[in-house]
Amino acid sequence: MEHSNRGKRVLVTGGSRGIGSAIVRTLAACEYDVQFIYRESAETAETLLKELRAERPNQSFSAHKVDLGDRNAVDTLSDRLSEEETLYALVHNAGQSYDTLAALVDQTRAEAIMQVNYWSLTRLVTAIIRPMMRARSGRIISIGSITALHGVPGNSIYASTKGAALSYMRTLAVELAPKGITANTIAPGFVDTDLLNLYADHRETIEKQIPVGRYAQPAEVAELVRYLLSPEAAYVSGSVVPIDGGLMASLGGRR
Ligand code: NDP
């Protein structure tokens, strides 16, 4: 189906590297105007911005430094967003992992991760949703994780943040469907980014457990985002879409 995304504004959190930068690049290539949030990787953000502006001078791109772990900073961002032109889509991708056994969890760190992975999502949605409802069109995507769907040792806190987001997104989908807005969760398995550096020594073993036999590339996740933002995906809402190389389908014990 032919359609144009010209002038449609999209916000991507955690857009300067990893899965987020693949999402930003893919959506830019689909002619969306993209603004993205970063926290630390200012140099990478600046390089990406320059690249996008040079390649696509007729589109609008911007990058904003916001620590989503800082409630006041998220409030300031939300206030700015509610004064700006209506967004077509929010892709909440920024996230932090916390690999530790439940018995060893540090409560302060756990709550900080909840703020980044979950509370910043709800705060941003509250800020952008009314104009989106008035426009009767929009897309909200949360990058979740298969750890919210299956138990993985060491992931109790990380998985809970993603589980909270998943429940929130489902409710959002039900509330917003009559307004022409969809809300979906993408649940990746293992994606080849810095987030998995912690497991670098075990990569071969992990890949053997994945039926497809490898980690996903960030661009493969970005393709799902592209689809969910398209008009063709208007009927997909409240969904949790795994992208895990068959990992969740597998019982293990492969020969
Ligand atoms: P990376 O660690 O490569 O990137 C994390 C991104 O989140 C960066 O852009 C980072 O920005 C941003 N970010 C982290 N903390 C904050 C914060 N406090 N404020 C603002 N931005 C922040 O991770 P991935 O690209 O792999 O992960 C992207 C998403 O995908 C996450 O939500 C993750 O949980 C999820 N995911 C990833 C999987 C994987 O295997 N890689 C599997 C399942 C889910 P900056 O660099 O500027 O700090």
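Here is how the numbers come out for the structure above:
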read-out: Qualifying residues in region 76-105 (those that are open to solvent by less than 20 Å² (accessible area, probe 1.4 Å) and not in a loop (DSSP other than H, G, I, E, B)) - the one farthest from V66 (Cα to Cα); value: A89
read-out: Subset of region 191-222 [among the acidic types (D, E) and out of contact with any strand residue (DSSP E or B) (no Cβ under 9 Å at 6 or more places or on another chain)]; value: D194, D201, E204, E207
read-out: Neighbours by Cβ (under 6 Å, 6+ apart or cross-chain): first from region 5-30, within 7 Å of the ligand (Cβ to nearest atom) and modelled with pLDDT of 95 or more; second in a loop (DSSP other than H, G, I, E, B) and aliphatic (A, V, I, L, M); value: T13/A94; G14/A94
read-out: Selection within region 204-238 - under 27 Å from L176 (Cβ atoms), among the polar types (S, T, N, Q) and open to solvent by 40 Å² or more (accessible area, probe 1.4 Å); value: S237
read-out: Count - residues of region 150-173 that are surrounded by 16 or more Cβ atoms within 10 Å (Cβ to Cβ) and either assigned to a helix (DSSP H, G or I) or modelled with pLDDT under 95 (or both); value: 16
read-out: Leading residue by the ranking (farthest from R17 (Cα to Cα)) among those in region 65-86 that are near the ligand (Cβ under 10 Å from one of its atoms) and not aliphatic (A, V, I, L, M); value: D70
read-out: Set T108, T126, T147: member being open to solvent by 20 Å² or more (accessible area, probe 1.4 Å), hydroxyl-bearing (S, T, Y) and either on the phi > 0 side of the Ramachandran plot or near the ligand (Cβ under 10 Å from one of its atoms) (or both); value: T147
read-out: Any hit, region 38-45, residues being assigned to a helix (DSSP H, G or I), charged (D, E, K, R) and within 11 Å of the ligand (Cβ to nearest atom); value: yes
read-out: Test: G15 is part of a loop (DSSP other than H, G, I, E, B), open to solvent by less than 30 Å² (accessible area, probe 1.4 Å) and not aromatic (F, W, Y); value: yes
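The values are calculated or read from the model by the stated rules, or taken from the named source; none is laboratory data. What you see is a predicted model; the values in this text were computed from it and never measured. Neighbour counts run over all protein chains shown; Cβ positions are idealised from the backbone, glycine included. For accessibility, only protein heavy atoms count, side chains too; no ligands or nucleic acids. Shrake-Rupley method; radii C 1.70, N 1.55, O 1.52, S 1.80 Å.
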